[in-house]
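Here the structure is laid out as structure tokens; the discussion comes afterwards.
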Amino acid sequence: MTDASDNMMEVRNVTKAFGDDWEKETVVENLSFSVKKDQLTAIVGPSGCGKSTVVNLLAGFERPDEGQILLNGKPVSGPSKDALVVFQETALMPWLTTYQNVTFGPKLRGDMAPDALKAAADKIIDTVGLREFRDKYPLQLSGGMQRRAELARALINQPQVMIMDEPFRGLDAMTRQLMQEFYLRLCEQESRTNVFVTSELEEAIILADSLIILSNRPTSVREFIQVDLQRPRNLEMLSSPEAYEYKRHAMEILHEEALKSFKGGAGNSDFLEAYSRQG
Amino acid sequence: MVDKKAKTPALVRLFRDQTFRRGVIAILAFVVLWEIGSQFKSWFGVMVPFIGKIAPPTAVAVSWMEVGQWPGYWQSWYLSTGRVFLGFTVAMIIGIPFGLAMAVNKYFRGMFFPPFEILRPIPPLAWVPASIIFWPTTELSIMFVTFLGAFYTIVINVLGGARSIDIQYLRAAQSMGATQWDLFRKIILPGTLPSIFIGAAVGMGITWEVVLAGEMISGGGQQGGGGLGFFIWSSYMGGVMDQVVVGMISIGLAGYISSSLIRYIGHLSMPWRRMF
């Protein structure tokens, strides 16, 4: 636990505010946690608590006002392929085919030989089950396929940390379940460091090695839970007593935080954050 | 199944298409109603307001047959088309980079957007007198007015399109290692393409409107020569109403052909939008 060497990512006392001096809104306050190497760290929080801001900070899209974020011991100074985000709604380029989307990053950097790239891309497209959709455009894919294509696009870059920002949001219940199962298997087959941000508690519990519950805004870590369900896991395990216990405990905390935001007039701050993001 | 489709001639397939048949029927119905409306007086002795004053399609067709043999009529087509395409092309060449530059650079936008917005509401036709004084030949002043017609629309569309590109595309590309130039070339440019074609299609329509009005005003002067706008104007001055209608329909056709051309090019250059 105290050994820093198995921490892939460390967030140290990070504070981030939006807006100007007249109307400053602190979204993240004194946030600290670490992400263990080869583990899946799930982050949940009440809606509007600033999860997306946390993602943007981790990925280097935003810089912290105070504090530090370390990736593999080095401070995060901007977006890089080492901390890749799989976005909420799909961010596949609509004008590129599945294959072109997947090879987008390596081609841009020119860090793979063409033959090796083609082989790697085809293999990864196979892994996510899109071989027949290799030359289709994103709009020709279903919602679930789009997410898988986006996973493939991130995976081929071999990021040190994959940041999943509510990746299955907006999918119908059935597809969502299939994607969760697919993602579970993917994580268990290959060891990879994942940060999985979600507002779905069950999804977080079944996927995570450790679970971080964020507080209401200004957000910080409210609770850290080690999820010790055995692996390999499946979605049926959600109905086990252990899982239920995790869920009950986490639910209690989330409920408390959600109530606070209800009383604290979260509508107003939501608006402010949305507004400041425009700029 | 596939073979059968390939063997069917294209024209037969076209006529089997519901939408196409509906379009043909609509146009035929329109022409028939028009004929009845304008012939009403000679057939039944009662004049239908408005339509009764317009030459019937049969007279227009006869007139068209006659006009079609004059080289002057085709010369008008040639002149107007040339003006439209030149003005339009220049508007694209200047407008697209200008719009993109305003979209990606806030200093550039800060400097050029306010004057642009002040000039934009001025109708191109209001520029005619200034343009006649400013440019040495009538031809150039008509082209300049034509250029203005398309320019504002193209710039506004390009600017709006480029600014509304989802920031997630930019972020995704950035984290995969894209430089500023990469972002421009691989995200902003293809992302703006649909708006460029919308701007082009709308701009093309305005260009036709403007060129004709420009031609009517500046006339078929010794320097400028006719054009379809002047063709209509001189037919009107000569009191030949069926020729006026011939001119009007000619413009409609010319505009339709031009915008179809743009749609077709857009279709070719944006394969990802082809499925709809």
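A few points about this structure:
- Among the conditions (1) surrounded by 22 or more Cβ atoms within 10 Å (Cβ to Cβ); (2) not in a loop (DSSP other than H, G, I, E, B), A:Phe182 misses just one, which is (1).
- For A:Thr175, the requirement of being in contact with a Lys or Arg (Cβ under 9 Å, 6 or more places away or on another chain), among the hydroxyl-bearing types (Ser, Thr, Tyr) and more than 18 Å from A:Phe33 (Cβ to Cβ) is met.
- Scanning region A:125-141 for residues that are farther than 22 Å from A:Met164 by Cβ and either modelled with pLDDT under 90 or buried (at least 19 other Cβ atoms within 10 Å of the Cβ) (or both) gives a single hit, A:Tyr137.
- Checking A:Gly60 against (1) more than 11 Å from chain B (Cβ to nearest Cβ); (2) surrounded by fewer than 22 Cβ atoms within 10 Å (Cβ to Cβ); (3) within 14 Å of the chain's Cα centre (by Cα), the condition it does not meet: (1)
- So A:Ile163, is it within 13 Å of chain B (Cβ to nearest Cβ), in contact (Cβ under 8 Å) with a residue 60 or more places away in the chain, in contact with a helix residue (DSSP H, G or I) (Cβ under 9 Å, 6 or more places away or on another chain) and buried (at least 17 other Cβ atoms within 10 Å of the Cβ): yes
- Selection over region B:77-108 of residues that are in contact with a Lys or Arg (Cβ under 9 Å, 6 or more places away or on another chain) and without any contact (Cβ under 8 Å) to a residue 60 or more places away in the chain gives a count of 2.
- Residue in region A:82-100 that is in contact with a strand residue (DSSP E or B) (Cβ under 9 Å, 6 or more places away or on another chain), on the phi > 0 side of the Ramachandran plot and buried (at least 20 other Cβ atoms within 10 Å of the Cβ) present: no
- All positions within region A:212-237 that are surrounded by 17 or more Cβ atoms within 10 Å (Cβ to Cβ) and over 20 Å from A:Lys36 (Cα atoms): A:Ser215, A:Asn216, A:Arg217, A:Pro218, A:Thr219
- Candidates B:Ser218, B:Ser250 - the one that is out of contact with any strand residue (DSSP E or B) (no Cβ under 8 Å at 6 or more places or on another chain), at pLDDT below 85 and hydroxyl-bearing (Ser, Thr, Tyr): B:Ser218
- Summed over region A:1-55, the residues that are in contact with an Asp or Glu (Cβ under 6 Å, 6 or more places away or on another chain), charged (D, E, K, R) and more than 22 Å from A:Lys260 (Cβ to Cβ) give a count of 2.
- Here B:Ile257, B:Ile265, B:Ile206, B:Ile232 are screened, and the one residue that is closer than 22 Å to A:Trp95 by Cβ and more than 14 Å from chain A (Cβ to nearest Cβ) is B:Ile265.
- Of the set (1) in contact with a strand residue (DSSP E or B) (Cβ under 7 Å, 6 or more places away or on another chain); (2) closer than 30 Å to A:Glu132 by Cβ, all apply to A:Val55 but (2).
- Conditions (1) within 14 Å of chain B (Cβ to nearest Cβ); (2) closer than 19 Å to A:Asp165 by Cα; (3) surrounded by fewer than 22 Cβ atoms within 10 Å (Cβ to Cβ); number of the one not met by A:Gly144: (1)
- A:Asp122 vs. criteria acidic (Asp, Glu), more than 18 Å from A:Met179 (Cβ to Cβ), without any contact (Cβ under 8 Å) to a residue 24 or more places away in the chain and surrounded by 14 or more Cβ atoms within 10 Å (Cβ to Cβ): yes
- Filtered residue count, region B:242-254, keeping only those that are crowded, with 18+ Cβ neighbours inside 10 Å and either within 14 Å of chain A (Cβ to nearest Cβ) or of a type outside the set (Val, Ile, Thr) (or both): 5
- Of all positions in region A:38-57, at least one carries a residue that is farther than 28 Å from B:Gln180 by Cβ, more than 11 Å from chain B (Cβ to nearest Cβ) and of a type in the set (Ser, Thr, Tyr).
The values are calculated or read from the model by the stated rules, or taken from the named source; none is laboratory data. None of these values were measured; they are calculated from a predicted model. Glycine gets a Cβ as well: all are built from the backbone with ideal geometry, and neighbour counts include every protein chain shown.
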